[in-house]
Amino acid sequence: MLLLVAIPFVALLINDTIQQYRSLRRGIQEQVLQLARLAASNQNQVIEHTRQLLEALAKDARISAGDWPGCQAMLPDFLAHFRDSHSNFVVADLRGEVVCSGMPLQTGVNISDIKDFQEVVATRRFVVGDLVLARTTRTWVVLLRAPVLSPDGRMIATVSAPVPVERFAAAAAAVALPEGGELLIVDRAGKLVARRPDPQRTSGEGVTIAPLVRAMLDQPQGVAQFDGVDGVRRTYGFAAAGHQGGRGIHVAIGMPLAAVASTLNRQLAANLAVVIAVTLGVFALATYSVRRFVSSQLTAIVDAANRLRRGDTSARTGLRGDRGELTRLGETLDLMAQGLQARESELNQALRELQEQVITDPLTRLLNRRYLREYLPRELIRAKRNRGSLAVVLIDIDHFKRINDTFGHEAGDLVLRTLGALLKDGVRASDIACRFGGEEFVVVLLDAAPEGARQKAEAMRAAVGKLDLNYRGESLGRITASMGVALYPDHADDADSLLRAADEALYRAKNSGRDRVVMSETTGGKRDSSEPASYSPQG
């Protein structure tokens, strides 16, 4: 009879082992997918930064008017300002003839045969192009290209920026790989942009693991098992980066199956020990007389086992006190359930931490651009439904490049962290502060009237001007910031137009002397054509 009781209990432990395996496998799949999404989000920040620069160039009065000599006079200075992140800026007319360039080029350069140029001309949209070997620098770059529209809406040219592969590799380095893990970044044609942990592998090579690359290019995201570049079998999570759902850069992060198998083997060994202990305990009971309380103890054990089978890891038998075999069996079951509950809690905590990493800027601890892109449209919908208002303040640190060049990037990081803390402490609980990228920040003020938004921006600007920062005993000097303010519904009625209106106001603040707040002058999401947007590459 006792053997009949033991059989379903052993079967329960075996089933629990199978469920643990499935749960662990799902947890690992979710982990690598979250890491891939985080890496793709970092790549997206590189793409978005370049897209904003290209759109600013496309709106420059000289370029949008087709003033190519004026463009050629301006573009080298613009490139000098962003040389750390971009190797060139190029404008080409609709025939593919290069009409101005930040770097000197041979005369008569034509790019009409380049695929991404043809795509921009055909779609009039921003495009993340292919990985190419730059003709001027002989380095590997990813081409990003945008259309140039005249004031009357005609497309007259394209503007492009080659982004060095080192920028994408540096963005990927911010994601910590699991032990034995592999990270791959490929372009839309499957050519290798960067790989970790193999920095010696040459960019531009076609990656030889065709099934993984094919899966990366076919789906915006997913999880599957493949052999890596080094032949190691891994579980890979992969995700695509691009602008507004478009693709151009694809990221995969893999965790080796050997690590998974090691974890499973330890759990299987622990469960096998429990099975053996339970079986021996049941057979030992056969040598003793059946006691009056055996029935209640078996009921407690079976009830707890059934609750565990249904996924309730808080189930306990509650058997304590005497040293009878059934009591020890109940205690063993309670210890196993306690271990399962602890592992479940650790997995949930790890998933929560991964989610926080995805929406948080690691340097300033503010919310990041990805969170803003999800938050702002949602709040605009709420404002429209409640007939409310909303203000966006775009903040840019003046002469930030000079701080980096004079005192070093660690001093620049100190300025960014300090400004992040100032903004976080200075907004209401209902408002948010985000790092938009580089030295730019965004503050969203809910239910804000125009004058109230201006006063809040002026208060933040004054607070920045009072900062007194020292790095290694040396004062960083007076720090100032320029700010552009745009409101819904006064200036725009959707997220992109609202950010664009604030961006144009920020450029006017920069061009009119910096250290000031400028309100947007757009109406209904459209800029007044009597005041064309312009950009001064002075930081």
Filter pass, V132 being aliphatic (A, V, I, L, M), open to solvent by less than 50 Å² (accessible area, probe 1.4 Å) and farther than 22 Å from L506 by Cα: yes
Residues located in segment 240-259, provided they are at pLDDT below 80 and touching a helix residue (DSSP H, G or I) at 6+ places or on another chain (Cβ under 6 Å): H243
Positions within segment 140-169 being among the small types (G, A, S), within 31 Å of the chain's Cα centre (by Cα) and in a strand (DSSP E or B), in sequence order: A146, S160, A161
Among the candidates R428, R461, R472, residue that is of a type outside the set (A, V, I, L, M), more than 25 Å from the chain's Cα centre (by Cα) and modelled with pLDDT of 95 or more: R461
Hey, G473 without any contact (Cβ under 8 Å) to a residue 12 or more places away in the chain and out of contact with any Gly (no Cβ under 8 Å at 6 or more places or on another chain) or not: yes
Positions within segment 137-160 being of a type in the set (A, V, I, L, M, F, W, C) and either in contact (Cβ under 8 Å) with a residue 60 or more places away in the chain or surrounded by fewer than 23 Cβ atoms within 10 Å (Cβ to Cβ) (or both), in sequence order: W140, V142, L144, A146, V148, L149, M155, I156, A157, V159
Selection status of V32, in contact with a Lys or Arg (Cβ under 6 Å, 6 or more places away or on another chain) and either open to solvent by less than 10 Å² (accessible area, probe 1.4 Å) or of a type in the set (V, I, T) (or both): no
Selection count where residues are surrounded by fewer than 15 Cβ atoms within 10 Å (Cβ to Cβ) and closer than 22 Å to L390 by Cβ, scope segment 427-464: 10
Filter result (among the small types (G, A, S) and in contact with a helix residue (DSSP H, G or I) (Cβ under 6 Å, 6 or more places away or on another chain)) within segment 369-410: A391
Among the candidates E55, E48, residue that is under 30 Å from E504 (Cβ atoms), in contact with a Gly (Cβ under 8 Å, 6 or more places away or on another chain) and either modelled with pLDDT of 90 or more or open to solvent by less than 20 Å² (accessible area, probe 1.4 Å) (or both): E48
Unique residue being at pLDDT 90 or above and within 30 Å of H243 (Cα to Cα) when the list is R352, R369: R369
Qualifying residues in segment 58-68 (those that are open to solvent by 20 Å² or more (accessible area, probe 1.4 Å) and either touching a Cys at 6+ places or on another chain (Cβ under 9 Å) or in contact (Cβ under 8 Å) with a residue 60 or more places away in the chain (or both)) - the one nearest to Q225 (Cα to Cα): K59
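The values are calculated or read from the model by the stated rules, or taken from the named source; none is laboratory data. Computed from a predicted model, the values in this text were never measured in an experiment. When we count neighbours, we look across all protein chains shown, and the Cβ atoms used for this are built from the backbone with ideal geometry, even at glycine. Note: accessible area is taken over every heavy atom of the protein model, side chains too, but ligands, DNA and RNA are not part of it. Shrake-Rupley method; radii C 1.70, N 1.55, O 1.52, S 1.80 Å.
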